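Please read the structure below before turning to the comments.
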Amino acid sequence: QLAREKKLIEVLVEPFYDNIKSARLNFQAQQIGNVFFEESGLYNKNCFLQIEKNFRDAREWSIQIKETDKDTGLKAVQIIDLLNKYGINEVDILKLDIEGAEKYLFFDANYAAEFLKRTRIIAIEIHKEYIEESSILHVLKDNNFTVYKSGEIHIGVKEN
């Protein structure tokens with residue numbers, strides 16, 4: 001009954017148009033609606049981003065985003081702004097695989113607390129080259145998450 005009362009929405013944030021195009025086709029093929037696509041990168045403030053391809057082994061999956069003063073056409077988006085834009089009061093699952101940009105979301109514990117207080121479950125790949133795993137785990141624990149590890153992913157479940 002709860003599922004019928006909730007408005008189920010999925011928001012996909014992706015800096016690459018081709019990935020958005022593929023995801024859109026996959027969602028359509030599976031007849032999944034209420035999906036919104038944001039061609040941008042998650043960050044802790046509004047700014048422009050540039051894509052760097054020299055991360056790790058410099059292969060096609062080895063990318064990261066960096067802040068820039070230049071108008072690259074790629075805008076940063078904040079999680080709270082997305083929640084407000086789409087009228088989302090509570091996030092059932094927040095999945096973050098953002099190639100090191102989690103550093104910017106969790107560096108300031110107060111900033112992270114703003115979106116974590118509206119999140120029930122978080123799945124995050126922590127890139128240790130950019131931020132200490134323990135610092136993110138500490139922020140999650142301080143926001144009442146119990147954290148489990150599954151492969152490269154940490155899954156935090158809100159205790160209450």
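What to note about this one:
- Single unsatisfied condition, Lys85 versus (1) open to solvent by 80 Å² or more (accessible area, probe 1.4 Å); (2) touching a helix residue (DSSP H, G or I) at 6+ places or on another chain (Cβ under 9 Å): (2)
- Output for region 1-44, where each listed residue is surrounded by fewer than 10 Cβ atoms within 10 Å (Cβ to Cβ), modelled with pLDDT of 90 or more and either not charged (D, E, K, R) or not in a helix (DSSP H, G or I) (or both): Ala29, Gln30, Gln31
- Going through (1) open to solvent by 40 Å² or more (accessible area, probe 1.4 Å); (2) modelled with pLDDT under 95; (3) under 12 Å from the mean Cα position of the chain (by Cα) one by one, Ile93 falls short only on (2).
- Being open to solvent by less than 50 Å² (accessible area, probe 1.4 Å) and either assigned to a loop (DSSP other than H, G, I, E, B) or of a type outside the set (Ser, Thr, Tyr) (or both) is true of Val139.
- Some residue of region 102-111 being over 18 Å from Phe16 (Cβ atoms), aliphatic (A, V, I, L, M) and assigned to a helix (DSSP H, G or I): yes
- Restricting region 104-122 to residues that are of a type in the set (A, V, I, L, M) and crowded, with 16+ Cβ neighbours inside 10 Å, the residue that is farthest from Asp81 (Cα to Cα): Ile122
The values are calculated or read from the model by the stated rules, or taken from the named source; none is laboratory data. Source: prediction; values computed, not measured. In this analysis, Cβ positions are derived from the backbone assuming ideal geometry, glycine residues included, and neighbour counts consider all displayed protein chains. SASA here: full protein model, heavy atoms, side chains in, ligands and nucleic acids out. Shrake-Rupley method; radii C 1.70, N 1.55, O 1.52, S 1.80 Å.
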